[in-house]
1. What pairs come up if the first residue lies in the range 67-84 and is within 26 Å of residue 287 (Cα to Cα), the second is acidic (Asp, Glu) and surrounded by fewer than 18 Cβ atoms within 10 Å (Cβ to Cβ), and their beta carbons are under 7 Å apart, counting only those six or more places apart or on different chains?
2. Any chance the range 269-280 includes a residue that's touching a residue at least 12 places away in the same chain (Cβ under 8 Å), in a strand (DSSP E or B) and within 18 Å of residue 209 (Cα to Cα)?
3. Quick one: how many residues across the range 358-402 are small (Gly, Ala, Ser) and assigned to a loop (DSSP other than H, G, I, E, B)?
4. Scan the range 284-293 and give yes if some residue there is over 17 Å from residue 217 (Cβ atoms) and touching a helix residue (DSSP H, G or I) at 6+ places or on another chain (Cβ under 9 Å), otherwise no.
5. Please verify whether residue 345 is under 33 Å from the mean Cα position of the chain (by Cα) and of a type in the set (Lys, Arg), treating the condition exactly as stated.
6. Could you list, in sequence order, all residues of the range 148-205 that are part of a helix (DSSP H, G or I), closer than 21 Å to residue 265 by Cα and among the charged types (D, E, K, R)?
7. Taking into account only those residues within the range 368-402 that are surrounded by 15 or more Cβ atoms within 10 Å (Cβ to Cβ) and in contact with a Ser or Thr (Cβ under 9 Å, 6 or more places away or on another chain), which is farthest from residue 348 (Cα to Cα)?
Amino acid sequence: MPETSDPYEALASKQVKDQAAGARDLARGGTWSDMELLVGKATTSKSAAVRLYAAAAASDIVHRERLAGGIDRQREHQILAWVSSANPDLSAGLLMLMSAVKDGKALDRIGRFLRDPRNGVRAGAAATLRRMALSHSAADRTDLSERVDEWLKHPKIQPDAVLDLINITGEIGWSELTEMLPDYSHLSPKHSEAVELALERLDQRVTIDGWAGLYRDIDLDVFELPTTDAASAPTWLAMGRTSKATRNGKRLKVAPGKLGKHAARLVFAPPLGSPDDKRRVIQSEGRSYWETSPAEILAMLTEDPESLPKLPEQMPDPTEGLEGTTVPRARALWAWATGDLEQARSGLDALTAKGRPQHALFYFLAKVAEDQEDTVAACLAAGAYLDKSKKNAPFRERANAILERLASKT
């Protein structure tokens, strides 16, 4: 929901909190016509908070324009002019505008800023490169890794910038830099850990097992803010530990670096609001498929396992290694979701045989029995659910539908 009734009026306020709120609203709904206003705030405001939020909003706008193909050569020159006119020490966030610029001049400046004596400027340059490279619009760019190779070898590169470049290399998947990464392990324990993690992530992309998981495309690129509160219906991508996958339930042949006939890449990126949570993201055909965490899958299994898409065989088990009273139910429902009907039936039979079982288990047992074409067991389980559950129970309509479908077969 918008924080202000009029973001322009809020930005004209003398109150810092109002100006910050106005900038945050334009981050979601602003257009290129708002850039002059936001860049002005980002470079002249006496408030560090206002400068930060205005720069972030301007960055979000150019990112949307970039994805929509709205950044032409003229606009690229304008962005570079804005960055050149700003004091990077006071408005380091404004460097992020260059993440939308494909011109090599932007990379020239990022390289110089990575060697700047000021920590904040170096951090801003690294953040700019990360946003530029993680976008699915940059999936086919080869110039980025070439520049990183040059920057890492530069005699004036600072250790903190090296650390950022090592991390970004692992996140993006620049395998051509693999051999040089160990050369920087000696700089500090943090560098050694970063090199180890980057090499692990680079190696993970080589086999299909490293890609296996449940992903969803919610029509958002990495770091992209939604422009509306209405969530888009996800496109599900489920990849097993073989070459078999499904996209919205339809079969799809995959391999490392390929979705069907199209090129794909695997990156590690943070979901919005969780900067320290690096999720796997598969990018292909201008789309970003975000990894669904085991915790999110378990929540879906608990609330309504039928909300999960059709899954291929040999999917990673989200219940692996877990213990607790809810795990047997989740494990049985995951077996059902992945087509292992025998395992699902065994688990649900055991759970419903216990004292005071959850009523929903009888409905799930009915669904599994129906899938097994065990008409009698399906009807008995559906009837048990209807007998035991309240009138407003969530699966009553579906249970009645089972009985109607099977009435002619009993």
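The values are calculated or read from the model by the stated rules, or taken from the named source; none is laboratory data. Remember, predicted model here, so these are calculated numbers, not experimental data. Because the Cβ atoms are built from the backbone with ideal geometry, glycine has one as well, and the counts that use them run over all protein chains shown.
1. From the range 67-84, the pairs are 76/103.
2. Checked against the condition, which is being touching a residue at least 12 places away in the same chain (Cβ under 8 Å), in a strand (DSSP E or B) and within 18 Å of residue 209 (Cα to Cα), the range 269-280 yields at least one hit.
3. Narrowing the range 358-402 to residues small (Gly, Ala, Ser): 360, 366, 369, 377-378, 381-384, 389, 393, 399, 401.
Checking the rest, the ones that are also assigned to a loop (DSSP other than H, G, I, E, B) come to 389, 393.
Here the count works out to 2.
4. Residues of the range 284-293 over 17 Å from residue 217 (Cβ atoms): none.
Checked against the condition, which is being over 17 Å from residue 217 (Cβ atoms) and touching a helix residue (DSSP H, G or I) at 6+ places or on another chain (Cβ under 9 Å), the range 284-293 yields no hits at all.
5. Numbers: under 33 Å from the mean Cα position of the chain (by Cα): no; of a type in the set (Lys, Arg): yes.
So residue 345 fails the test.
6. Of everything in the range 148-205, those that are part of a helix (DSSP H, G or I), closer than 21 Å to residue 265 by Cα and among the charged types (D, E, K, R) turn out to be 149, 164, 171, 176, 179, 196, 200, 201, 203.
7. Ranking the qualifying residues of the range 368-402, first place goes to 396.
The rows are residues; the columns are (1) in contact (Cβ under 8 Å) with a residue 60 or more places away in the chain; (2) in the same structural domain as residue 277 (by TED's automatic domain parsing); (3) acidic (Asp, Glu); (4) farther than 26 Å from residue 126 by Cα.
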{"position": "175", "(1), (2), (3), (4)": "no, no, no, no"}
{"position": "187", "(1), (2), (3), (4)": "no, no, no, no"}
{"position": "190", "(1), (2), (3), (4)": "no, no, no, no"}
{"position": "200", "(1), (2), (3), (4)": "no, no, yes, no"}
{"position": "203", "(1), (2), (3), (4)": "no, no, yes, no"}
{"position": "215", "(1), (2), (3), (4)": "yes, yes, no, yes"}
{"position": "237", "(1), (2), (3), (4)": "no, yes, no, yes"}
{"position": "241", "(1), (2), (3), (4)": "yes, yes, no, yes"}
